[in-house]
Number of protein chains: 2
Amino acid sequence: MFQALADPNRRQMVQRLCEGPASVSELARPLEMTLSAVVQHLSVLEAAGLVRSQKIGRVRTCRLDTQALRAAEGWISERRALWERRFDRLGALLAEQDGTLETGEKA
Amino acid sequence: MFQALADPNRRQMVQRLCEGPASVSELARPLEMTLSAVVQHLSVLEAAGLVRSQKIGRVRTCRLDTQALRAAEGWISERRALWERRFDRLGALLAEQDGTLETGEKA
DNA sequence: AAGATACTTAAGCGTATGCTTCACCAACCG
DNA sequence: CGGTTGGTGAAGCATACGCTTAAGTATCTT
């Protein structure tokens, strides 16, 4: 998942797919690399669940699948929230001690 | 950034750091690898802005920096929103057409 | 049917990544 | 003081990654 988003070219492909479905060669056009390379990137994105695609005739049309994006976003925000809550508690604890100055709480 | 989060060991370190600051060897303990390897991972996380650390005496204490996490989260949610807005518009468009014509559509 | 188009697959290659070992320094501890 | 603890840095190595070329298949187009 994060692995898939780690590559700038792949992120650019995701970016493009945000604006709507695209064929493989459409995805390839702005990227300075072979169609072959693009297909390989695509299969990484697809394996990560970020993209789904179907072939009609000889053209494969790709579209974003936001569920994976949602999962990644969730992972991050969960951790961020965890840390920030901890941070807030610490702040509160310090403020408390600053005022009353008594029993020591253990972490 | 995503590169840094791409490695499972690094994610585990981030996970640990969510629960509070830790020294390098504390971070290393649950991971089955050398201290050396852990330090290398740490420097990746630090270069990505995910972690900050300071050395006191001979122990380096590491803490999470949520700003980078926030940025990653923002990137994802921005793109997801972009796509989902598009998706909704498409749905509206289809619903609109649904009223006006009724020919056999392909599944 | 001939040719172009849109991929697809496999092989190969250079570089980056993740890891280990080894040598080393700087604090703390008795 | 010497020894242990906590971390650092460089070198080396195996594997993974990103890419290319080349050869092939299936689908339009004319």
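None of the figures in this text is laboratory data; all of them are computed from the coordinates on show. The shown structure was predicted, so the numbers you read here are calculated from the model rather than taken from an experiment. FYI the Cβ positions are ideal-geometry reconstructions off the backbone, even for glycines, and counts take in every protein chain you see.
Note the angle between two axes, namely the Cα long axis of helix A:8-18 and the longest principal axis of the Cα atoms of chain A, as a number of degrees from 0 to 90, rounded to the nearest 10.
That helix lies at roughly 80 degrees to the long axis.
Mind listing the label-point distances from A:SER36 to the same position on all other copies, shortest first, one decimal in nm, points 7 Å along Cα→Cβ?
The projected label point of A:SER36 is separated from its counterparts by 3.7 nm.
A:ALA81 label points, 7 Å along Cα→Cβ, one per copy: pairwise distances from this copy to the rest in nm, shortest first?
Copy-to-copy label distances at A:ALA81, shortest first: 1.8 nm.
Hey, what did the range B:2-66 get for relative contact order, percent, Cα under 8 Å, at least 6 apart?
36
Would you mind calculating the gained length between B:PHE87 and B:ALA71 on full extension (0.36 nm times residue separation, minus the Cα-Cα distance), in nm to one decimal? Display every interim value, and only then the final one.
Numbers: separation 16, 0.36 × 16 = 5.76 nm, distance 2.43 nm.
Here the segment from B:PHE87 to B:ALA71 would lengthen by 3.3 nm.
Kirkwood hydrodynamic radius, the protein assembly as shown, all distinct C-alpha pairs: what's the number in Å? Please report the intermediate quantities before stating the final value.
Numbers: mean 1/r = 0.0491 Å⁻¹.
After inverting the pairwise mean of 1/r, the radius is 20.4 Å.
Give me a single rounded figure for A:3-10: the average over its residues of other chain Cβ atoms within 10 Å of their Cβ.
Working: counts 6, 2, 9, 7, 3, 2, 0, 1.
What the average comes to for A:3-10 is 4.
Helix B:66-100 sits at what angle to the longest principal axis of chain B, using alpha carbons and giving 0 to 90 degrees rounded to 10?
So the helix axis and the longest Cα principal axis differ by about 10 degrees.
Please give me the summed charge of the neighbours of B:SER53: other residues whose Cβ is under 15 Å from its Cβ, Lys and Arg +1, Asp and Glu -1. Could you put the intermediate results ahead of the total?
Working: positive: B:ARG10, B:ARG16, B:ARG52, B:LYS55, B:ARG58, B:ARG60, B:ARG63; negative: B:GLU26, B:GLU46, B:ASP65.
Once positives and negatives cancel, what remains is +4.
Pulled fully out, how much extra length does the chain show between B:SER43 and B:ASN9, if you take 0.36 nm times their separation in residues and subtract their Cα-Cα distance?
On the way: separation 34, 0.36 × 34 = 12.24 nm, distance 1.31 nm.
This chain segment gains 10.9 nm when fully extended.
Any chance you could give the angle, 0 to 90 degrees and rounded to 10, that helix A:35-47 forms with the longest Cα principal axis of chain A?
Tilt of helix A:35-47: around 40 degrees.
Going by amide H atoms built from the backbone, whose H comes under 5 Å of the H on A:VAL51, apart from near neighbours?
Correct list: A:GLU46, A:ASP65.
Modelling each spin label as a point 7 Å along the Cα-to-Cβ direction, I'd like the B:LEU31/A:LEU31 distance in nm, to one decimal.
For the pair B:LEU31/A:LEU31, the computed spacing is 2.9 nm.
Could you give the spread of the C-alpha atoms of chain B along their three principal axes, from largest to smallest, in whole angstroms?
For chain B, the Cα spread along each principal axis is 76, 26, 21 Å.
Averaged across the residues of B:81-92, what count of C-beta atoms belonging to other chains lies within 10 Å of each residue's C-beta?
Numbers: counts 3, 7, 10, 5, 1, 5, 4, 0, 0, 2, 0, 0.
Mean shielding by partner chains, rounded to a whole number: 3.
In peptide B:47-57, what is the residue-averaged number of other protein chain Cβ atoms found within 10 Å of each Cβ? Before the final figure, lay out each step's value.
Numbers: counts 0, 0, 0, 0, 0, 0, 0, 0, 0, 0, 0.
Mean shielding count: 0.
To one decimal in nm, how far is A:ILE56 from the same spot in the other copies, if labels go 7 Å from Cα toward Cβ? Please give the shortest first.
Once sorted, the set of distances for A:ILE56 reads 6.3 nm.
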